[in-house]
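Each remark here refers to the structure printed beneath this line.
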Amino acid sequence: MILIDGKKVAAEMKEEIAAKVKELKERGEKTPHLAAVLVGHDGGSETYVAYKIKDCEAVGYKSSLIRYEDDVTEEELLAKVQELNEDDDIDGFIVQLPLPAHISEQKVIEAIDPKKDVDGFHPENVGRMVIGLPSFVSATPFGIVELLKRYNIETSGKNCVIVGRSNIVGRPLSVLMSQKAINATVTVAHSRTKNLEELCKSADILVAAIGVPEFVKGNMVKEGAVVIDVGTTRVKSDQTKSGWKLKGDVLFDEVAPKCSFITPVPGGVGPMTRVSLLHNTLLAASGEIYG
Ligand code: NAP
């Protein structure tokens with residue numbers, strides 16, 4: 001069994017990005033600039049945005065953090081999105097989700113200029129990805145594919161079962177895995193899927209993106225399978241200072257001995273999600289996607 005070290009791969013990618021930024025600066029070109037909009041004080045969102053800003057600093061990007069209180073109106077937020085769309089110094093930006101219930105997330109996503117949509121959530125980018133045009137691909141699916149590539153994991157003709165059909169993980173990943181360059185045969189499972197255990201057991205590549213800790217047990221995995229655990233649920237723990245620890249969707253101790261490759265939680269998909277945003281920001285700065 002080979003443990004897929006997402007932390008190590010992400011660190012390599014960060015170094016590659018930092019080297020490109022250095023070259024840009026040496027040539028006197030513009031420094032890539034990512035902006036993040038954060039509404040309210042949700043603990044998870046605060047942490048994610050802090051990481052994003054820290055990652056920008058680490059590779060030499062410029063970053064801006066724009067904060068609003070929970071009671072910001074939809075109009076105010078949409079006006080800020082418009083301002084960021086028009087700001088030539090900002091190459092890409094994200095609006096951290098979730099947003100308070102009185103704001104339509106979809107309206108906000110659709111207001112973002114697709115050329116600056118480094119989260120890859122805008123319908124134009126999703127559509128471009130589906131038909132195989134250059135696009136900003138959302139961070140987690142991109143990170144997973146990059147892990148498979150960098151570990152030289154054979155995907156062509158393989159049965160890939162993805163459990164979870166969210167717009168940010170399962171569904172876009174299913175599109176990427178079925179693309180010509182990857183050539184997997186993909187099944188997307190969800191809460192209404194029948195015979196899930198059997199289906200998972202047919203997978204050469206099994207991706208768990210469910211959000212239910214330790215859902216995938218040893219008896220659901222084929223000998224020699226590649227298992228990608230996307231799940232990150234905070235569970236109470238008296239062994240950590242914070243009082244919680246992250247659990248994946250896979251019962252690691254039971255599943256790992258059966259796998260050819262497996263991602264741990266933490267240290268698997270999570271770091272790749274982070275670095276993928278940096279990757280997209282560089283693409284946005286270079287204008288490679290939309291010319
Ligand atoms: P989500 O939007 O809640 O989607 C969960 C999916 O799992 C849904 O499609 C749901 O089916 C399916 N599901 C739930 N219970 C199931 C069951 N008992 N059997 C089969 N399918 C079931 O979640 P998400 O945003 O995709 O995230 C999934 C997990 O990945 C979460 O733990 C999240 O924190 C984590 N995550 C991690 C990263 C990272 O960077 N590591 C990034 C994103 C997300 P229905 O559609 O039928 O409801």
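Observations on the structure shown:
- Relative to its Kirkwood radius, the Cα radius of gyration of the stretch 210-265 gives an Rg/Rh of 1.03.
- Cα-based shape type of the stretch 35-76, given that a ≥ b ≥ c are square roots of the gyration tensor eigenvalues and the cut on a/c is 1.5: oblate
- Summing charges over all other residues whose Cβ lies under 13 Å from the Cβ of Arg165, with Lys and Arg as +1 and Asp and Glu as -1, gives +2.
- Overall form of the stretch 50-182 per C-alpha gyration tensor (a/c, 1.5; a/b vs b/c): prolate
- Pair-distance profile P(r), taking every C-alpha pair of the stretch 92-137, with 5 angstrom steps and integer %: 5, 25, 30, 21, 13, 5, 2
- In sequence order, calculated HN-Hα J values of the stretch 229-242 (Karplus, 6.51, -1.76, 1.60; Hz; x Gly/Pro): 9, 8, x, 9, 10, 7, 10, 4, 8, 9, 9, 10, 5, 6
- Excluding ligands, DNA and RNA, the accessible surface per residue across the stretch 162-291 is 48 Å² with a 1.4 Å probe.
- Counting protein heavy atoms only, the stretch 28-114 has 50 percent of its accessible area on carbon and sulfur, 1.4 angstrom probe.
- Glu197-Lys25 pseudo-label distance in nm [points 7 Å out on the Cα-to-Cβ vector]: 5.6 nm
- Checking the Cα-Cα distances for Lys20/Lys115; Lys201/Lys247; Lys8/Lys241 against a 31 Å cut-off, no pair goes over it.
- For the pair the stretch 103-154 / the stretch 7-74, the C-alpha centres are spaced 17 Å from each other.
- One chain, two ends: Ala18 and Asp71. Fully extended at 0.36 nm per residue, the span grows by 15.3 nm beyond their Cα-Cα distance.
- Intensity falloff of the stretch 113-224 expressed as log10 I(q)/I(0), Debye formula with alpha-carbon point scatterers, at q = 0.11 Å⁻¹: -0.36
- Once the Cα gyration tensor of the chain is diagonalised, semi-axes √(5λ) in Å: 32, 22, 19
- Taking other residues whose beta carbon is less than 10 angstrom from the beta carbon of Ile112, and scoring Lys, Arg as +1 and Asp, Glu as -1, yields -3.
- Rotationally averaged projected area of the stretch 28-114 (alpha carbon convex hull; nm²): 5.7 nm²
- Distance in nm between pseudo-label sites at Ala101 and His41 (7 Å out along the Cβ direction from Cα): 2.0 nm
- Available extension along the chain between Asn159 and Thr185 is 8.9 nm, counting 0.36 nm per residue and deducting the alpha carbon span.
- Beta bridges by DSSP in the chain, antiparallel share as percent, to the nearest 5: 10 percent
- Overall, the accessible surface of the stretch 176-291 at a probe of 1.4 angstrom is composed of carbon and sulfur to the extent of 52 percent.
- The chain, helix-only ellipticity at 222 nm - DSSP H runs n ≥ 4, -39,500 (n - 2.57), divided by all residues, nearest 500: -12000 deg cm²/dmol
- Gyration tensor verdict on the stretch 142-291 (Cα atoms; rounded if a/c is under 1.5, prolate if a/b is larger than b/c, oblate otherwise): oblate
- Taking 17 Å as the straight-line reach from the Cα of Lys25, the lysines in range (excluding those fewer than 8 positions away in the same chain) are Lys14, Lys62.
- Each peptide in 162-171, 144-153, 231-240, 57-66 gets a packing score, the mean of other Cβ atoms within 10 Å over its residues, and the list from highest to lowest is 162-171, 144-153, 57-66, 231-240.
- Debye log10 I(q)/I(0) for the stretch 166-216, one point scatterer per Cα, at q = 0.13, 0.18, 0.20, 0.22 Å⁻¹: -0.32, -0.61, -0.75, -0.90
The values are calculated or read from the model by the stated rules, or taken from the named source; none is laboratory data. Quantities reported herein were computed from a predicted structural model and do not represent experimental measurements. So basically every Cβ, Gly included, is an ideal-geometry build from the backbone, and we count neighbours across all protein chains shown. SASA here: full protein model, heavy atoms, side chains in, ligands and nucleic acids out. Shrake-Rupley method; radii C 1.70, N 1.55, O 1.52, S 1.80 Å.
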